[in-house]
Amino acid sequence: MSGVPVLSVRDGHKRFGAVHALKGVSLDAWRGEVLALLGDNGAGKSTLVRCISGVHALDEGEIRLDGEIAAISTPSLARRAGIETVYQDLALFDNLTPAQNFYCGRELSFPSWLPLGLRFVSNRAMDREAASVIDRLKVKLPKFDAPVALMSGGQRQAIAVARATVFARKLVILDEPTAALGVRESRKVLDLVRQLRDEGNAVILITHNMEHVIELADRAVVLRQGRKVGELKPDRGNQHELVSLIVGAEA
Amino acid sequence: MLAETAREPDATSGARGSQTHAQSASPVTVALRLLNFGPLLILAILIVVISLLTPNFLKPVNIGNILAQTAVIAIVALGQQLVILTRGIDLSVGANLALATVIGGLTYRVTDSGALVILAMLASGTLVGFINGAVFVFGRLPHPFIITLATLSICKGLALELAINHTTMRGMPEAVTLLGETSPLGVPNSFFVVLGVALLVFVLTKSMVWGRWVYAVGGNPKAAVEMGIPVKWVLVSTYAIAGLCAGIGAVVLSGRTAATSPLYGNLLELDTIAAVIIGGASFLGGRGHLGHALVGAVMIGVIRNALNLLNVDVFYQMIAIGLIIVLAVEADVLRNHLEARARASQAARTQ
């Protein structure tokens, strides 16, 4: 399968009324690779991500998964196809416990012949599974059965990333996962990202932190004003080139 | 049923933390715990104080009275609680109940079947709730306030128009009036209806995926969409169930009075919202359980009853309930503030 990208966006367009947010963006993501998605605020990164994860639909263009055209019209279809997204606002439910957050929208439940909403939850199974994932990822939580409202920014971020790792089978998208974190908490999250990649997922990482890009990303795609303006392998040598691509000040 | 509030929030199930901090009893966490127990504590104090003031209060007959008077508020408040959990509000429950009783009364004019009369009331209540939810969601309204206010007016008008001579209609089949009688155990039969509805709500919210989704939608509506929860249908079904509860309340009320009336359910929306908030559920959505609605409903019943026994003017009762609502909402705001503080100190500790 190594010849086919796990995700391939071709000539994607998206308009919101008069705003042309994506103007023909193409992008590939491969298994076992971290792809950095860069761009200034309003460049279209979040819109692109929301199209891939099924929140918005592309107006034009196509999305292929493992080479097949994929109809990702809703978030649950995207998740079923193996795409997990960690949104910038984390999309956590403050009033629910970590385990309840993990499984929200796809609860372990019975009996299976009923529609999901009418089934009974299997709390014990969900607690057990979630706890083992938390342990495997070495995430430290003060309390496993308290609502996440009472947890710190880093812990919440870890929960959101851990949730993605449970279900990711193809692609994990992380939208600025370290934006609100201190140095030590950022380090933890970057370790999680590495782990996701080593488990054979394609990872798309949106970030403004060039250090993290150079450290982690195998490839970087730069968007500006809804267009892809560059794609390169980030390293110390081309850091300046990357930044000027992002801000649009060609040297 | 009152023991429900005592299980908040950390006694839920086998505590297993990958890393357990010593649970330090900072002033913030102590205050939070007090706030969680607050409503039940206040109810207990109220009962002690009132029974000292008027010896009649604790007599079995009077307790039966309180239970009978509280039944309707409790049942409808259980539905209101679900709506408030989703960050919503249902202002139409009182008028919905009035219309349901009138529909039941008219059905009784056509048939003697108790089952049909009850079914008509339940169907009427559910339909109005469904319309509330459907217009709110599919009409893309920003808030359920307006639509439920509109159905309040429509239901009230319909009930008055449909009722024979536009007023109270006497008579109900035996299956319904049975609910107004006292069981051999000494409690009114309507008490068992409350228990039944509470059990139903308990199963819906605690054991079913649907209930988990109700909390999710109230906790973070945007995330609920992103996590693939069918938010629209969760909301519509929530309003429909709130309507069903109003229909059940209609059966109980027309059973107790052996009559149906477009004048029933006046200000019931206030009583039920007050019950939920006084009981300790969050007005901001996502927090609370059926114990809150039940404690709140009993508290309202107790206060009303006590003020009656003490011969306090009925207008003062309204003022008292209003003041208590203000206190309860402020307690909710305080709780959110304290939780933010607890979160900050938690973060400081892990850094």
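Restricting the search to the stretch B:207-229, which residues are free of Cβ contacts under 8 Å to residues at least 12 places away in the same chain and either closer than 18 Å to residue A:115 by Cα or of a type in the set (Val, Ile, Thr) (or both)?
B:207, B:208, B:209, B:211, B:212, B:224, B:225, B:227, B:228
Every residue in the stretch A:131-150 that is in a helix (DSSP H, G or I), more than 7 Å from every other protein chain (Cβ to nearest Cβ) and either among the hydroxyl-bearing types (Ser, Thr, Tyr) or more than 22 Å from residue B:218 (Cβ to Cβ) (or both), please. If you could, list the steps in order and put the result at the bottom.
In the first step, residues of the stretch A:131-150 are kept if they are in a helix (DSSP H, G or I); the result is A:131-136, A:148-150.
Now narrow it down to the ones that are more than 7 Å from every other protein chain (Cβ to nearest Cβ): A:132-133, A:136, A:148.
Matches in the stretch A:131-150: A:132, A:133, A:136.
Name the residue, out of B:303, B:273, that is surrounded by fewer than 21 Cβ atoms within 10 Å (Cβ to Cβ), away from chain A (no Cβ under 14 Å) and of a type outside the set (Phe, Trp, Tyr). Even if it seems obvious, please write down each step before you answer.
Values: B:273 fails: surrounded by fewer than 21 Cβ atoms within 10 Å (Cβ to Cβ).
Selected residue: B:303, the only one of B:303, B:273 that is surrounded by fewer than 21 Cβ atoms within 10 Å (Cβ to Cβ), away from chain A (no Cβ under 14 Å) and of a type outside the set (Phe, Trp, Tyr).
Step by step: first the residues of the stretch B:133-147, then only those that are of a type in the set (Phe, Trp, Tyr) and touching a residue at least 60 places away in the same chain (Cβ under 8 Å), then the one that is most open to solvent (accessible area, probe 1.4 Å). Which residue is that? Show your work before the answer.
So in the stretch B:133-147, the residues of a type in the set (Phe, Trp, Tyr) come out as B:136, B:138, B:145.
If we keep only those that are touching a residue at least 60 places away in the same chain (Cβ under 8 Å) too, we end up with B:136, B:138.
Values: B:136: 29, B:138: 105 Å².
Going through the qualifying residues, I end up with B:138.
Only one of (1) at pLDDT 90 or above; (2) open to solvent by 40 Å² or more (accessible area, probe 1.4 Å); (3) under 18 Å from the mean Cα position of the chain (by Cα) is not met by residue A:89, so which one is it?
(1)
Restricting attention to the stretch A:179-190, which residues are within 15 Å of the chain's Cα centre (by Cα) and either surrounded by 23 or more Cβ atoms within 10 Å (Cβ to Cβ) or not small (Gly, Ala, Ser) (or both)?
Of the residues in the stretch A:179-190, the ones within 15 Å of the chain's Cα centre (by Cα) are A:179, A:189-190.
Passing the criteria: A:189, A:190.
For the stretch A:25-49, give me the residue count where each residue is in contact with a Leu (Cβ under 9 Å, 6 or more places away or on another chain), open to solvent by 30 Å² or more (accessible area, probe 1.4 Å) and within 16 Å of residue A:248 (Cβ to Cβ).
Matching residues across the stretch A:25-49 total 1.
Run residue A:58 past the list (1) closer than 28 Å to residue A:210 by Cβ; (2) touching a Cys at 6+ places or on another chain (Cβ under 7 Å) and report the number of the one that doesn't hold.
(1)
Among the residues of the stretch A:136-154, is there at least one that is of a type in the set (D, E, K, R) and modelled with pLDDT of 85 or more?
no
The values are calculated or read from the model by the stated rules, or taken from the named source; none is laboratory data. Nothing here was measured: the structure is a model prediction, and the numbers come from that model. Methodologically, a virtual Cβ is constructed for each residue, glycine included, from the backbone with ideal geometry; neighbour enumeration extends over all protein chains shown. Just so you know, the surface numbers come from the protein's heavy atoms only, side chains and all, with ligands and any DNA or RNA stripped out. Shrake-Rupley method; radii C 1.70, N 1.55, O 1.52, S 1.80 Å.
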